Number of protein chains: 2
Amino acid sequence: MRKTLLTAAIAVAFGAVSMSAAIAAKSDSVPKPDKDEPIQPIAAAKVKNKAMVDLGAKLFFDPRLSNSGFISCNSCHNLSLGGTDNLETSIGHGWSRGPINSPTVLNSALNIAQFWDGRAKDLREQAGGPIANPLEMANTHVLAVQQIQSIPGYVAEFKKVFGTEKVDIEKITEAIAAFEETLMTPNSRFDQWLKGNTKAITKTEYEGYQLFKSAGCIACHNGINIGGNSFQKMGVVEEYKTANPAQGRAGVSGKDADRFNFKVPTLRNVELTYPYFHDGAADTLTQAVDIMGRLQLGRKFTDDENAKIVAFLKTLTGDQPKFEFPIIPPSVDATPRPKPWEKSAAQVEAEKAAKK
Amino acid sequence: MRKTLLTAAIAVAFGAVSMSAAIAAKSDSVPKPDKDEPIQPIAAAKVKNKAMVDLGAKLFFDPRLSNSGFISCNSCHNLSLGGTDNLETSIGHGWSRGPINSPTVLNSALNIAQFWDGRAKDLREQAGGPIANPLEMANTHVLAVQQIQSIPGYVAEFKKVFGTEKVDIEKITEAIAAFEETLMTPNSRFDQWLKGNTKAITKTEYEGYQLFKSAGCIACHNGINIGGNSFQKMGVVEEYKTANPAQGRAGVSGKDADRFNFKVPTLRNVELTYPYFHDGAADTLTQAVDIMGRLQLGRKFTDDENAKIVAFLKTLTGDQPKFEFPIIPPSVDATPRPKPWEKSAAQVEAEKAAKK
């Protein structure tokens, strides 16, 4: 605030702008960012290999990777909807109730690891998971590869991108990951402010950001993705109560101390990625901020404080990815046809494994 | 064939083209179309109202029109896949087994009526159907309108397009229909041939078309959409056996004579719209052509004849619609959240109606 007044005073003193412009600046500008803000602006995606990205986009939207022929990556990471499905937990094969809230795919390449429990080290490893999860796409990697291998339009693209007509799960997930790496959302109003445009955010939003820092939210939600770079316990001060059975890092490490340690979600585009938390239990940002304040920081935000933080969070919505809706190569006579109402391939695999 | 030779002979006689070009023409060209071919080329879509089409595209891709928040128009009329879901019958709310094969939305504005039984007179009327069908999107129109009305980003667009902020189901379906009217697929190789490019199709494809006409397929599959312009009995010469309970026009007219009278499907993009028939029972074009020949025409096509007709059918794939994947306005705190695992709104309505 002091800085704004100073700027206005200088403008008047030098006569560089009219009095009315100086007043406008006084009311419309907020202070400049510090030199060492704990959040950094996000850059637009650089496409390294366009042919691979195009192939990945087709695979991302292809429901034939699922056993039913109905569920694609985009079903749960819907790029019309902030890279999520906006459901508490996702709907999977046979209308299964998914185990956990779908995290956004937007800017996900910046995360320290993938999944809420970080069990996949990168997007490539992640992409193979849902394909074979009985509650999600309910396929097997073998069948998914057979499906894609049988489609001449795909084989030609694999040849172009990888120099071989042999499709395998590694190439499929590499292409999907290459597409996902392009799903960056630069140019949010907050990033514009970080880059020096002091009119990009309002006074209320600015105050919300200051409170976000002073209250301690920034301790976990920081860096270029405003989260996504550490694992933290859900329920530090007060226990988080949920019917959701997910255990977080404990499921990966086997250590009891890691119970309820989850990857901190990114706050970029958080206005679009409701509902919140790993169980999707918080419908609104107001609820999420309130719960986080109490459980993580031991602080009950006033309505005014909560509203300011929410206003700040809504400045984090960036330019959504722009791309032409992909046309996918058709199946041919030899392509196996999906049987959505029969027992899924993943279920059969799971039963075989259980018998052994 | 005679025409090809004649063309080549004329070319040589007049010295208009080199000998090698004449030979190329002889081997690569097919005869020109007749002046009164029973199939006409399709024109590119003309966008009358871009703002309405853009709004319609968002609604077409918005799963919040469904009770689950998971199923959009595009789920079953997937524009990556020829405007269909490539399933025998569609998957609906709660993994319901849909009653009938999803017809393509591509070029559907040209059809005489909508749905296999033609019970909707146009696309606008059609669009309201699946929203409230308990086996499809399982919503009610009232809830769908409430959902859209609660979203400020949509309200602003309705204001721009319709001059009012009041959302109703008529405006929703009008916008969806406006988008669907743009989903034309011009420039198929067959259309190029119809327009005079005698090299656009091969000799085999040309022969397939001649057989398609002489065998009688053309009696029903004709006009600009190569079908879609009449209702015909499925199983004229021989009965069509299916477990699917759909009755066709009889369900609309109540007349027993209309039993198994279905709208003749378009053959445009038929390479992409497998599986075939109202029950989706034919996986391949080869099967479909064989069954049609026997049941409708009383003719068993030889393998060679069948292959030629299939080759012709594959020339009917046009340019697929190109558009930027729509970003949909987010829900706000006041927007009702979907409850995909509870009894659906359409189910509740249906039960109420049954009790009365």
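Taking the criterion of being open to solvent by 60 Å² or more (accessible area, probe 1.4 Å) and either modelled with pLDDT under 95 or under 22 Å from the mean Cα position of the chain (by Cα) (or both), the only residue of region B:287-299 that qualifies is B:Gln287. Considering B:Phe323, B:Phe260, which residue is within 11 Å of chain A (Cβ to nearest Cβ) and touching a residue at least 12 places away in the same chain (Cβ under 8 Å)? Only one candidate qualifies: B:Phe323. The residue of region A:300-320 that is surrounded by the fewest Cβ atoms within 10 Å (Cβ to Cβ), among those that are outside any helix (DSSP H, G or I), in contact (Cβ under 8 Å) with a residue 60 or more places away in the chain and more than 8 Å from every other protein chain (Cβ to nearest Cβ), is A:Asp319. Candidates in region A:144-174 are the residues that are in a loop (DSSP other than H, G, I, E, B) and charged (D, E, K, R); of these, the one that is least open to solvent (accessible area, probe 1.4 Å) is A:Asp168. In region B:177-197, the residues that are in contact (Cβ under 8 Å) with a residue 12 or more places away in the chain and within 24 Å of B:Lys48 (Cα to Cα) reach residues that are among the hydroxyl-bearing types (Ser, Thr, Tyr) and open to solvent by 30 Å² or more (accessible area, probe 1.4 Å) with C-beta atoms within less than 6 angstrom, at least six apart or across chains, in these pairs: B:Ser188/B:Thr317.
From the set of residues in region B:275-299 that are free of Cβ contacts under 8 Å to residues at least 60 places away in the same chain and assigned to a helix (DSSP H, G or I), which is farthest from the other protein chains (Cβ to nearest Cβ)? Ranking the qualifying residues of region B:275-299, first place goes to B:Arg294.
For region A:254-272, a residue qualifies if it is outside any loop (DSSP other than H, G, I, E, B) and surrounded by fewer than 17 Cβ atoms within 10 Å (Cβ to Cβ), and the qualifying residues are A:Asp256, A:Ala257.
Go through the residues of region B:241-248 one by one and say whether even a single one is among the hydrophobic types (A, V, I, L, M, F, W, C) and surrounded by 16 or more Cβ atoms within 10 Å (Cβ to Cβ). Checking region B:241-248: at least one residue is among the hydrophobic types (A, V, I, L, M, F, W, C) and surrounded by 16 or more Cβ atoms within 10 Å (Cβ to Cβ). Taking A:Ile226 as the residue in question, decide whether it is outside any loop (DSSP other than H, G, I, E, B) and either touching a helix residue (DSSP H, G or I) at 6+ places or on another chain (Cβ under 7 Å) or within 23 Å of A:Thr317 (Cβ to Cβ) (or both). Against the criterion (outside any loop (DSSP other than H, G, I, E, B) and either touching a helix residue (DSSP H, G or I) at 6+ places or on another chain (Cβ under 7 Å) or within 23 Å of A:Thr317 (Cβ to Cβ) (or both)), A:Ile226 does not qualify.
When only residues in region B:200-216 that are within 15 Å of B:Asn306 (Cβ to Cβ) and polar (S, T, N, Q) count, which is surrounded by the fewest Cβ atoms within 10 Å (Cβ to Cβ)? Here the answer is B:Ser214. Looking across region B:324-354, just one residue is closer than 30 Å to B:Thr266 by Cα, open to solvent by less than 30 Å² (accessible area, probe 1.4 Å) and out of contact with any Leu (no Cβ under 8 Å at 6 or more places or on another chain), and that is B:Pro326.
Conditions tested, residue by residue: (1) within 12 Å of chain A (Cβ to nearest Cβ); (2) free of Cβ contacts under 8 Å to residues at least 12 places away in the same chain; (3) among the aliphatic types (A, V, I, L, M); (4) open to solvent by 40 Å² or more (accessible area, probe 1.4 Å).
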{"site": "B:Val30", "(1), (2), (3), (4)": "no, no, yes, no"}
{"site": "B:Asp36", "(1), (2), (3), (4)": "no, yes, no, yes"}
{"site": "B:Met52", "(1), (2), (3), (4)": "no, no, yes, no"}
{"site": "B:Arg64", "(1), (2), (3), (4)": "yes, no, no, no"}
{"site": "B:Ser68", "(1), (2), (3), (4)": "yes, no, no, no"}
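Apart from one condition, B:Lys46 fits all of (1) open to solvent by 10 Å² or more (accessible area, probe 1.4 Å); (2) touching a residue at least 24 places away in the same chain (Cβ under 8 Å); (3) more than 10 Å from every other protein chain (Cβ to nearest Cβ); the exception is (2). Say we look at region A:30-88 and pick out the residues that are under 16 Å from the mean Cα position of the chain (by Cα) and of a type in the set (D, E, K, R); which of these is farthest from A:Pro275 (Cα to Cα)? Among residues in region A:30-88 that are under 16 Å from the mean Cα position of the chain (by Cα) and of a type in the set (D, E, K, R), the one farthest from A:Pro275 (Cα to Cα) is A:Asp85. Each residue in region A:70-97 was checked for being open to solvent by less than 10 Å² (accessible area, probe 1.4 Å), facing chain B (nearest Cβ under 9 Å) and on the phi > 0 side of the Ramachandran plot, and 1 of them qualify. Of all the listed residues (B:Ala8, B:Ala13), the sole one being open to solvent by less than 40 Å² (accessible area, probe 1.4 Å), in a helix (DSSP H, G or I) and at pLDDT below 95 is B:Ala8. Of the residues making up region A:107-122, those that are within 19 Å of A:Ile172 (Cα to Cα) and in contact with a strand residue (DSSP E or B) (Cβ under 6 Å, 6 or more places away or on another chain) are A:Gln114, A:Ala120.
Which condition breaks for A:Ala219 when tested against (1) under 29 Å from A:Gly248 (Cβ atoms); (2) open to solvent by less than 20 Å² (accessible area, probe 1.4 Å)? Of the numbered conditions (1) under 29 Å from A:Gly248 (Cβ atoms); (2) open to solvent by less than 20 Å² (accessible area, probe 1.4 Å), the odd one out for A:Ala219 is (2).
B:Asn74 meets the conditions (1) in contact (Cβ under 8 Å) with a residue 24 or more places away in the chain; (2) closer than 30 Å to B:Lys159 by Cα in every case but one. The failed one is (1).
Selection of region A:110-123 for residues being touching a helix residue (DSSP H, G or I) at 6+ places or on another chain (Cβ under 6 Å) and surrounded by fewer than 24 Cβ atoms within 10 Å (Cβ to Cβ) yields A:Asp117, A:Arg119, A:Ala120, A:Leu123.
The values are calculated or read from the model by the stated rules, or taken from the named source; none is laboratory data. On a predicted model such as this, the values are computed, not experimentally measured, just so you know. Here the Cβ is made from the backbone with ideal geometry for all residues, glycine too, and neighbour counts use every protein chain on show. Side chains are part of the model used for accessible areas, which takes the heavy atoms of the whole protein and leaves out ligands, DNA and RNA. Shrake-Rupley method; radii C 1.70, N 1.55, O 1.52, S 1.80 Å.
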